[in-house]
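Input: a single structure, listed below in structure tokens.
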Amino acid sequence: MRDIKEILKKSKVFGLLDADSVKRLAGMFDQWTIHPGDILTNSGDTAHTFFLLGKGTVLLAMDEGKAIVLDTPGDFMGLELLSAKGKYKTSLSVLEEGSVFALSRQGFMELIREDSAMAETIMDAWQEYLDAKAPFAKNNEGPGLLQQF
Amino acid sequence: MPKRLLQKTMKARVFCNNFKSGGGHLYGLESINASNGWAISIVGISIVFSGLVSLSLVISQLYKVLALYEDPSKITAFFKSKKSKKVDEKEGEKIITIVLTRSQKETVKQFALLARTLDDHFSLPRLLHLAQISGIKDPYPSLNILLKMRIVESDENGFFMWKNEVSDRAVR
């Protein structure tokens, strides 16, 4: 199983952070084992956790029937927790056994409140990630709260 | 005569002399000592313990044998997949070749039937939902196999397409 620091460094969103930020961030994640059929989030539920994929395959389903298959370590899910409404707009179903690294909304908020430069880096990287991975989903999600930091 | 055997013989003589001279009905620990009881007990315990460990190992693996009994095609698939599971590099992307078991082939056929009821560019969550309500076995890992084998492929706009030629090849 891959190490969280390695995944953060290779992640499109967190890879641009400096070594200290990565180290601090890594300590805040919990590792969860995932099994086929597990539902990590349901659309409309309060967004409480942000996920980074460690291993396995996850289906990210949007309301309009669109979907993305996430199977690369470092793919992330649940950044809606930073949106103004704080509700998940996507459902996450596990297709293949593996692991995710989970970070609570509270932990994430404290982190970006303390470090606004990190918040800006994450927001820029998030937009780039969406452009590359799922341009059709760009209007669907948005880390609105990040803009306040 | 070897030293050990000599000691044993001496021990036995002492035991007989004691017995004959009337001093000698041995009981309890003495009797155990005189008859090598400790060694025999340890050997007995070891035999029983090893037997129980072996039995528990056999029982713990019994579910695998039962799974093979339910689906014998897994036996052939196991040996085939060892040889033929390979990763092809095509246009910089990984395509995994998986040899499907008989039941997996059936599942692919069932998914194919469901996909035919949908548009050419269909919603993957919708296909998964249909598979669930149709009672297809293990819909989540089965869908994962379809994706890995590129039987189902993204159209890069959030919807997915069913690749008939790949599907036909996989179930042949």
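The numbers here are math on the coordinates, done by the rules we state, and not lab data. Remember, it's a predicted structure, so these values are computed and weren't measured experimentally. Here the Cβ is made from the backbone with ideal geometry for all residues, glycine too, and neighbour counts use every protein chain on show.
Some notes on this structure:
- Members of A:K133/B:K105; A:K89/A:K133; B:K74/B:K137; A:K133/B:K163; B:K109/B:K148; B:K64/B:K163 lying beyond 24 Å, as alpha-carbon distances in this model show: A:K133/B:K105; B:K64/B:K163
- Under the simplified labelling scheme, the A:E114-A:D63 pair shows an inter-label distance of 3.5 nm, with each label point 7 Å from Cα along Cα→Cβ.
- The charge dipole of the range A:1-122, taken about its Cα centre with unit charges on the Cβ of Lys, Arg, Asp and Glu (plus for the first two, minus for the last two), comes to roughly 120 debye.
- Exposure proxy shown here: for B:Y140, B:Y27, the number of other Cβ atoms within 10 Å sets the order, fewest to most, as B:Y27, B:Y140.
- Cα gyration tensor shape of the range B:102-171, rounded if a/c is under 1.5, else prolate or oblate by comparing a/b with b/c: oblate
- Alpha-carbon centroids, the range B:47-61 and the range A:1-61: separation in whole Å: 42
- Only the Cβ atoms of Lys and Arg (+1) and of Asp and Glu (-1) were treated as charged; on that basis the dipole of the range A:40-93 about its Cα centre amounts to roughly 80 debye.
- Using the Cβ-Cβ distance between B:S35 and B:Q61 with R0 set to 41 Å, the FRET efficiency works out to roughly 0.55.
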